[in-house]
Structure formats: C-alpha cells, structure tokens
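Report on the following structure.
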Amino acid sequence: MPDGTLIHTPIHAPLACCDEEPGLLPVAEARARLLHGALPVAGEEVLAPTAALGRLLAAAPRSARSLPPFDQSAMDGYALHAADLAAGATDLAAGAAPLVLRRIAAGDPPGPAIGPGEAVRVLTGAPVPPGAAAVVMEEHVALREGRVEPRRPPRPGTNIRRRGEDLAEGDLLLAPGTRLDARHLALLAAADIDQVAVRRRVRVALLSNGNELGAAIRDSNRPMLAALLARPEIALTDLGVLPDDPAALAAALAEAARGHDLILASGGISGSDADHLPGALRAAGGEVEVLKLAQKPGKPLAHGRLGAARCLFLPGNPLAALVGFLTLGRPLLARLAGAAEGAGPAPVAALAARGFARKPGREEFLPARVIGQDASGLPLVEPAGLFGSARLVPLAAADGLLWVPADIAQVRPGDALRFHPFAAGFGLA
Ligand SMILES: Nc1nc2c(c(=O)[nH]1)N[C@H]1C(S)=C(S)[C@@H](COP(=O)(O)OP(=O)(O)OC[C@H]3O[C@@H](n4cnc5c(N)ncnc54)[C@H](O)[C@@H]3O)O[C@H]1N2
Ligand code: MOO
C-alpha cells in the first residue's frame, strides 16, 4: 500500500479547464438522449466467416452438424465394452482381460462393434467403435499376450466425448449482435458454417472544424478519431478540416448527411461567436441540441440529426474529444452497428496510489498509470502528469483513464476507484 507521502499532490495545471456551473447534465442522461431513437443500420452482407472478422452478426447462425460429430476418444488408450468395466482388475488379470482386436487412429472409420471381452486400441480424436463404454488411458494398463489389463477399470463414459454433447445439429451457435473474433471463427469452422449474415458497415463522416487548424495548430483530433474509427464495422469518410464559415459548414453537413449514418466532428461547439457547427446544422435543416455535461474533460457536446444521419459534435480540446468519443460516441456507434446491448468494456477495480484534491461537480477521466499491484492483485494507479484537456503528453504516457465520481472532492491513497485500461490482458478484438 502506498505510504501517503504524496497526498494532496496537485494534479491540475495552474489554470484548470473549467469553472463549475450549475445545471450540468449527468453523462448517463446525455447518453440516454443521444441513444434515444437510434437504431441499428438496416442492411446485411453475407460473408465467409474469415472475411467477417470483427463484424457484427445480423442473424444467428445454426450449426450444420453435431459437435462432436461422432463418439470420440479423448485419450490415447483402449476402448472397452461395458461388461468389462464391471469386472475387477484381479478378474481381468486372471486370463479374462479383453483381447485387443485392432487400432483406430483419428481420421479412421470406427469399424464394427465390440462385444464383451473385446478391446480396440484408440488414439486421441479417433471414433470409438459401437459398443465401447469407456476408454482407459494407455498409462493405466498392462499389455500381455495381446490382451489389455486395466490396473483399475474406468467408470462408464470415461474419456469418451459423446456425439452432440457440445452442440446438436441445428442449434443456435451465436447471438445476433456478436462481434466475430478468433473464438467465434473457430466455433463456426467446427460447426461447418461457410457463410454468415453481418450488418452492413456504419458509414461515418469525420471532420475537424477551426480556422486555427493548419500551420500553427496541427489537427490532432482527426488522426486520433480516425484511428478509433478504424474498425471492421465502420466505413470512414475523412472530410478533412472545415473552416469557421457557417455557409460552407452547412453545405458540407448537408452533403455528408446524404451518404452517411453518422457525422462526427470536433471543435466549434462551445457557444462563442467563433463556434459555428451547431448553427450550421440548424441552417442545413437539421435538429441540434447543445449540452453541457457533468464530465471532465468533455463538458461541451452537441448532437442532432440531419435527414437520416445522426450528428455528434465533440469538443475541440484533444483529451475532451477523446473522452467524449469514449463515453458517448462509442455507445452510439455500438447501437448503430447493431452490437448486443451491454457488450461494451467495463472498468476494473483499482486503488489510488496517491491522494489528490479535486473540484467536485463533474465525473472525471484522468490519464493514469499503473504503478504496481496491492497484495490482492488490484492495480495501483496514479495520474500520469498534470491534468489539462489540451494536454496530450500525459495521455500518451498513461495506461488508461482513472474514473472519479462527480461528488468526490478528495481522493486518498488506497481509495477504491474504477479504471478503464487502454489494453485488456487477453483482448481478442
Ligand atoms: N466561455 C466558455 N468557454 C469555454 C467553455 C465554456 O463552457 N465557456 N468550455 C471550454 C471547454 S471545457 C472546452 S473542451 C472548449 C471546447 O470548445 P470547442 O468545442 O468549441 O472547441 P474550439 O473552441 O474549436 O477549440 C478548443 C481548443 O481545442 C483546439 N482544437 C480544436 N480542434 C482541434 C483539433 N482538431 N486538433 C487539435 N486541437 C484542436 C482549439 O485550437 C482550441 O485550443 O471550450 C472551452 N471554452
Ligand atoms: O475540459 Mo473541457 O471539459 O476541456 O471539455
């Protein structure tokens, strides 16, 4: 456990981003408003499973065969008849041990049935012959004059995988909304499925807004958001940087709305006389709601619709854009893509490695590093440098985002918190 010497370490830059104000909208409420009426995109594609990696199932595939497809040995050993399982080891050893008739390897046919007093040498994965009640491992037998003497007769069913014990032919394999990963490709292959129906890709248009973006300030949000959108279920159109020109913005939004399900933008929303995106959406004939969220960073946010397209406008500060994308953009994309509900990543339990004071009122996402583990294995985390929604250096050094609830004014060393790691240990997709 940390010793607490770093308690009250300042984590915010001298000029913190935002002065609190009353009436900020809880993030959960903002998410509900954003998702209200949002439906998965209509349309499917039929693909080979390997071509559908990372895509979301539109319909549930059914198994084309039983798994296992036949009664199968789980071990290298000897298949025995039920009558010989009842006998004690001493009886069998006294000349009544089953006679080994033949050998069956994986890929061989099972051949004729065995009867009492008969055994068959079987290898792992081989079909067991009809009449076999158990397979005794080769390590557990003595072989004498072509007969097999189990040291201890196995119980019925031992080391036999019965046909259909995992899955019967026609059973549902995977639920609609499943994102296909390596496990699912293995199951689909085993079940002999060569085509699956997946949702068509969500068409997303991405833009940055601001006259300053160019020579003096580089556009860091677009490559970041494009990287977050580089997923199999998304088809991305990069609209580049649009200037602070209301008419040009309105025209670009109208054009983008015709061919996209979502228009994702950053910058130009917080309400100053240089922020034109919400007005441009209105001017183009769309609906827009500008929100102030109880979230830090990522307080200003606007969302709306234009024709069939949804619009999500994130704040310009890079860390605020990232947090807004993760807390609101991701759930909206998951809905549009047809992902199974509740399939999103969950935060993990973590302990504060050191204490710090903060201004309550907004739930906060702090770039944080894992610096060790406590005795029970919980990660010990601490803020990765000074906080600021325009700062990218601490973010790049972080292992994830530490989540601090809105009402907390003081985090103490050892406090239980939640942490969103950027990389999952056994992440498959
Ligand atoms: N009077 C108020 N001012 C501000 C408020 C407020 O509530 N009242 N909120 C602050 C917060 S919090 C944030 S976050 C920003 C959000 O402002 P906008 O979304 O309108 O974004 P801009 O003003 O266009 O830009 C803010 C900041 O971010 C830089 N930026 C913008 N786009 C990019 C990009 N693609 N790549 C890199 N950097 C970008 C921009 O140059 C500005 O420095 O508003 C506060 N102000
Ligand atoms: O911190 Mo603002 O909240 O930079 O989005």
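Points worth noting:
- From the list 86, 97, 93, the one residue that fits, being touching a Lys or Arg at 6+ places or on another chain (Cβ under 6 Å) and modelled with pLDDT under 95, is 97.
- Long-range neighbours under 9 Å by Cβ, at least six apart or interchain, first residue closer than 21 Å to residue 275 by Cα within the stretch 211-232, second part of a loop (DSSP other than H, G, I, E, B) and of a type in the set (D, E, K, R): 211/244; 211/245; 212/244; 213/219
- Qualifying residues in the stretch 370-399 (those that are closer than 30 Å to residue 23 by Cβ and among the small types (Gly, Ala, Ser)) - the one nearest to ligand 2 (Cβ to nearest atom): 389
- The stretch 276-288, residues that are part of a loop (DSSP other than H, G, I, E, B) and over 35 Å from the mean Cα position of the chain (by Cα): 276, 284, 285
- Taking the conditions (1) surrounded by fewer than 18 Cβ atoms within 10 Å (Cβ to Cβ); (2) within 13 Å of ligand 1 (Cβ to nearest atom) in turn, residue 195 satisfies each one other than (2).
- Residue match in the stretch 382-392 (condition: touching an Asp or Glu at 6+ places or on another chain (Cβ under 9 Å) and either over 21 Å from residue 221 (Cα atoms) or in the same structural domain as residue 300 (by TED's automatic domain parsing) (or both)): no
- Filter pass, residue 320 being out of contact with any Asp or Glu (no Cβ under 6 Å at 6 or more places or on another chain) and part of a loop (DSSP other than H, G, I, E, B): no
- Residue that is surrounded by the fewest Cβ atoms within 10 Å (Cβ to Cβ) [pool: residues in the stretch 123-158 that are among the aliphatic types (A, V, I, L, M) and in contact with a Phe, Trp or Tyr (Cβ under 8 Å, 6 or more places away or on another chain)]: 141
- Looking only at residues of the stretch 262-275 that are part of a loop (DSSP other than H, G, I, E, B) and in contact with a helix residue (DSSP H, G or I) (Cβ under 9 Å, 6 or more places away or on another chain), we find that the one that is surrounded by the fewest Cβ atoms within 10 Å (Cβ to Cβ) is 271.
- Just one of the listed residues (76, 84, 71) is in contact with a helix residue (DSSP H, G or I) (Cβ under 6 Å, 6 or more places away or on another chain), over 30 Å from residue 204 (Cβ atoms) and surrounded by 16 or more Cβ atoms within 10 Å (Cβ to Cβ), namely 76.
- Of everything in the stretch 247-261 that is crowded, with 16+ Cβ neighbours inside 10 Å and outside any loop (DSSP other than H, G, I, E, B), the residue that is farthest from ligand 2 (Cβ to nearest atom) is 254.
- Meets criteria (within 15 Å of ligand 2 (Cβ to nearest atom), over 21 Å from residue 400 (Cα atoms) and touching a residue at least 12 places away in the same chain (Cβ under 8 Å)) for residue 312: yes
- Selection count where residues are part of a loop (DSSP other than H, G, I, E, B) and within 13 Å of ligand 1 (Cβ to nearest atom), scope the stretch 214-236: 6
Results for (1) within 14 Å of ligand 1 (Cβ to nearest atom); (2) in contact (Cβ under 8 Å) with a residue 60 or more places away in the chain, shown as yes or no for each residue.
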{"site": "247", "(1), (2)": "no, no"}
{"site": "273", "(1), (2)": "yes, no"}
{"site": "287", "(1), (2)": "no, no"}
{"site": "316", "(1), (2)": "yes, yes"}
{"site": "325", "(1), (2)": "yes, yes"}
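- Restricting 306, 293 to those that are at pLDDT 95 or above and either polar (S, T, N, Q) or within 15 Å of residue 38 (Cβ to Cβ) (or both) reduces the list to 306.
- The stretch 345-384 - residue that is within 18 Å of residue 420 (Cα to Cα) and without any contact (Cβ under 8 Å) to a residue 24 or more places away in the chain and, of those, surrounded by the most Cβ atoms within 10 Å (Cβ to Cβ): 384
- Of all the criteria given as (1) at pLDDT below 95; (2) in contact with a Pro (Cβ under 7 Å, 6 or more places away or on another chain), the one not satisfied by residue 220 is (1).
- For the stretch 291-309, a residue qualifies if it is in a strand (DSSP E or B), more than 9 Å from ligand 2 (Cβ to nearest atom) and over 16 Å from residue 22 (Cα atoms), and the qualifying residues are 302, 303, 304, 305, 306, 309.
The values are calculated or read from the model by the stated rules, or taken from the named source; none is laboratory data. Worth saying up front: this structure is predicted, and the values here are computed from it rather than measured. Positions of Cβ are generated from backbone atoms using ideal geometry, with glycine treated the same way; all protein chains shown enter the neighbour counts.
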